[in-house]
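Only the coordinates and a few stated rules stand behind these numbers; no lab work does. Since this is a predicted model, take the numbers as computed values, not measurements. All Cβ positions, even for glycine, are placed from backbone atoms using ideal geometry, and neighbour counts span all protein chains on display.
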Amino acid sequence: MLTAAVGILAATVLPASAADTTVTFSITTAGLTISAPGAVNIGSVASGATTISGQIGPVTVTDLRGTLGGAWTATVTGTDFTTGGGTPAETIPVANVSYSPGDATATTGTGTFAPGPGGVINVPRVAFTGTALTGNNSATWDPTLTVAIPAAAVSGTYTGTVTHSVA
């Protein structure tokens with residue numbers, strides 16, 4: 001009688017048939033981007049000053065490529081700074097402009113994030129790197145720009161461009 005009860009219980013619990021479904025999905029890359037302030041004023045100095053220095057605001061690399069063992073390098077370069085008509089006395093050459101990235105102010109994700117050595121931005125310089133990256137990540141830093149002012153520079157508001165890029 002016990003054997004018959006077990007057989008009836010097993011017959012009512014087990015399915016008559018089964019079907020498996022293989023499910024797949026994809027995670028696609030969303031890209032690698034860099035952002036920086038559109039404009040910044042680093043202050044003013046009196047005529048005769050030899051330098052001016054100031055932070056240019058947060059620069060952020062956002063890596064949404066979802067890599068395994070990935071890497072990126074952010075670089076920085078610049079242009080001459082000019083005022084008025086841009087004559088030699090109204091121009092501070094980019095060779096007088098130095099960039100110091102400083103340490104990261106924020107990071108997300110898994111990886112190693114490191115500031116570059118900085119330097120004169122008349123040629124592209126490494127600003128920041130991300131290495132040994134897994135998944136999505138980001139790094140933010142607040143670089144300092146230092147401009148050596150030539151003795152012949154005239155008074156005025158000088159404007160130049162600092163360009164960040166990432167690859």
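Spin-label point model (7 Å from Cα, Cβ direction): what's the residue 40 to residue 89 distance in nm?
3.1 nm
Given the -39500 (n - 2.57) contribution per DSSP H run of 4+ residues, what per-residue ellipticity at 222 nm results for the chain, rounded to the nearest 500 deg cm²/dmol? Mind showing how you got there, number by number?
Values: 1 runs with 12 residues, N = 167.
The helix-only estimate for the chain comes to -2000 deg cm²/dmol at 222 nm.
Return one number: the angle in degrees, 0 to 90 and rounded to the nearest 10, between the long axis of the Cα atoms of helix 2-13 and the longest principal axis of the Cα atoms of the chain.
So the helix axis and the longest Cα principal axis differ by about 40 degrees.
What list do you get for 61, 45, 94 if you sort them by fewest beta carbons within 10 Å?
Lowest to highest Cβ neighbour count: 45, 94, 61.
Would you mind calculating the gained length between residue 167 and residue 151 on full extension (0.36 nm times residue separation, minus the Cα-Cα distance), in nm to one decimal? Show your work: numbers first, answer last.
On the way: separation 16, 0.36 × 16 = 5.76 nm, distance 3.80 nm.
Contour length minus Cα-Cα distance gives 2.0 nm.
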